1. At 222 nm, what helix-only mean residue ellipticity would the chain give, in deg cm²/dmol to the nearest 500, using -39500 (n - 2.57) for each DSSP H run of four or more?
2. Say we join alpha carbon atoms closer than 10 Å with springs in a Gaussian network model of the chain; which of Leu108, Leu122, Leu63 then has the biggest fluctuation?
3. Set the Förster radius R0 to 41 Å, insert the Cβ-Cβ distance between Ala72 and Asp115 as r into 1/(1 + (r/R0)^6), and round the FRET efficiency to 0.05.
4. In whole percent, and with a 1.4 Å probe on the protein chains, what portion of the accessible area of the chain is carbon and sulfur?
5. For segment 93-149, report the translational diffusion coefficient in µm²/s to the nearest whole number, using Stokes-Einstein at 20 °C, 1.002 mPa s, and a Kirkwood Rh over Cα pairs.
6. Compute the semi-axes of the equivalent ellipsoid of segment 1-84, taking the square root of 5 times each eigenvalue of the Cα gyration tensor, and list them largest first in whole Å.
7. Tell me the label only: which of (1) 1.22; (2) 1.13; (3) 0.95 is Cα Rg over 2.2 N^0.38 Å as calculated from this structure?
8. Sort the following peptides by mean Cβ neighbour count (other Cβ atoms within 10 Å, averaged over residues), highest first: 93-101, 134-142.
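The values are calculated or read from the model by the stated rules, or taken from the named source; none is laboratory data. All figures in this text were calculated on a predicted structure; none of them were measured in a lab. Heads up, the Cβs are rebuilt from the backbone with ideal geometry, glycines too, and the neighbour counts pull from every protein chain shown. Side chains included, ligands, DNA and RNA excluded: accessible areas come from the protein's heavy atoms. Shrake-Rupley method; radii C 1.70, N 1.55, O 1.52, S 1.80 Å.
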Amino acid sequence: MDRLAGETGETVTLAVPAGEEVLTLAQSDGRHFVASGNWAGVRTAPHCCSDGKVLLAFGALGLQPGRLRRFARDTIVDRRELARDLERVRSRRFAVCVSELEEGLVGLAVPVRDDGTCIAALCISGPAYRLDRDAIETFAPACLAAAEELEQRLGATPHSGEE
């Protein structure tokens, strides 16, 4: 996580399912003064953050019934739209949220797996003016590689293929 934070300059977090929410367990800070704050110990709704979308898309969390709460201007609150977004997450193997949890906050998350099962999400986050489309395209492969290394370091059983 520290190496990924150093490579990207952005905040890196590791989150897991916690009941119906996402719980951030650990954080490595980037080098920028304008950053996304201390997330360790924070719980969030899964439908409005990139780590939550990874956990939903890869089956580590289930979406609870009822209305989806709007947290920011671009929070997806329509379940059909969210289902389409989760399908894109599965297809490209990472989730991106822009101004869904908080205005101007961007998150990019990838799954951390054990034997093919998603057990956590590795995320980088920062302001939209730095984490633009080009940065996302550059950082996504680095995040996927960092998640694979984390899986190895945690002793996870390798999976036999993509989901």
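1. -9500 deg cm²/dmol
2. It is Leu63.
3. Between Ala72 and Asp115 the formula returns 0.70.
4. Numbers: 4100 of 8350 Å².
The nonpolar share, carbon plus sulfur, comes to 49 percent.
5. 184 µm²/s
6. Details: eigenvalues 129, 39, 26 Å².
Equivalent ellipsoid semi-axes, largest first: 25, 14, 11 Å.
7. Recomputing Cα Rg over 2.2 N^0.38 Å here picks out (3).
8. On the way: 93-101: 22.3, 134-142: 14.9.
Answer by packing, highest mean first, reads 93-101, 134-142.
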